[in-house]
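The values are calculated or read from the model by the stated rules, or taken from the named source; none is laboratory data. All values reported here derive from a predicted model rather than from experimental measurement. Note: ideal-geometry Cβ built from the backbone for every residue, glycine included; neighbour counts use all protein chains shown. To get the accessible areas, we keep the full protein, side chains included, count just its heavy atoms, and leave off ligands, DNA and RNA. Shrake-Rupley method; radii C 1.70, N 1.55, O 1.52, S 1.80 Å.
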Amino acid sequence: MKGRKILIILVVLLTVGVSIVTLRAETGVFSAGREIIFKSIETLKEANFGAQIAGLVPETLLKTEGQNLENQAQEDIPFLDLEKTLQGLVNQERVSRGLNPLKWNDKVAQVAREHSQNLAEENKIITDSNILYPQPFIHHEGLNFGLYTADRLINRGLNYFKMVGENIAFAQTVNKEISTKDILQASVSGGPGGNITLTDSFKTKTNSEKIETIKEEIEKREKEAKAAPKVNWLSITEKSKTEIEKEAIDVWMASPGHRDIILTPEFNEAGIGIAKVNEFLIITQVFTGK
């Protein structure tokens with residue numbers, strides 16, 4: 001256990017210096033930024049449908065949206081139980097404060113799940129289990145079927161909402177122990193970088209510039225992961241479902257921005273979608289208000 005305790009301390013010291021967002025090294029759960037949009041559907045279609053205006057979403061997605069949702073609903077969803085349990089825990093937080101529980105919406109969950117799956121695909125190399133800092137790069141911006149949450153919902157035929165919110169987190173599914181010697185040898189490569197999508201300079205970019213910047217960041221992190229020294233783990237143990245549930249909810253509720261979205265009274269429906277990449281779960285919750 002001594003090696004593991006030292007690892008945790010080093011991870012905290014190394015990552016604080018590079019501005020990791022909402023990091024809990026002792027649990028392996030991290031939260032990304034949060035997104036919330038208050039606009040009428042008419043305004044979203046005319047002005048905020050950035051990915052489609054920029055030509056970044058193929059027209060075929062709009063033509064086949066209903067079929068996509070129907071097919072996905074018939075598939076075996078590996079983390080459906082965990083997804084619904086997490087939404088139940090979110091509802092406990094809301095109800096305990098006098099707010100209405102969020103109704104589960106299968107189609108909203110499918111949009112959230114698809115974004116998690118796309119993020120998981122992007123992070124296959126970045127989350128190599130044999131390096132010391134396999135931190136996923138998660139972001140609200142989508143590269144596949146809509147730049148932001150509202151775009152993705154509309155592209156999948158969901159256009160009845162007046163407000164949208166999204167929280168994303170990732171959870172490590174295992175606990176690991178490592179020797180002090182391996183820590184010192186591997187630490188020379190440094191820790192993961194901060195989230196570029198939260199910077200002011202990123203927010204001022206055009207939609208197409210944002211997508212190119214994210215692609216460049218993914219490529220950069222892939223190169224860093226490939227060059228990072230490999231480590232020998234002393235032990236690897238699976239976390240229980242209960243551990244993962246508690247850690248994910250705790251980290252969201254400990255972050256003021258994520259907590260504010262969870263406790264927004266105007267939201268009445270939501271869905272959670274989870275995807276796995278190596279030893280991590282990518283967790284996206286999408287909120288809607290009619």
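Things to note:
- Put simply, the amide H of Leu234, placed in the peptide plane, has neighbours under 5 Å in Glu177, Ile178, Ser179, leaving out anything fewer than 5 places away on its chain.
- Our coupling estimate for the range 98-107, obtained by passing each phi through the Karplus curve with A = 6.51, B = -1.76, C = 1.60 and θ = phi - 60°, is x, 9, 5, x, 7, 6, 6, 10, 4, 6 Hz, Gly and Pro reported as x.
- Spin-label pair Thr242/Thr199, simplified geometry with 7 Å Cα→Cβ offset, distance in nm: 4.3
- Protein-only accessible surface at a 1.4 angstrom probe places the residues Asp128, Asp76 in the order Asp76, Asp128, largest first.
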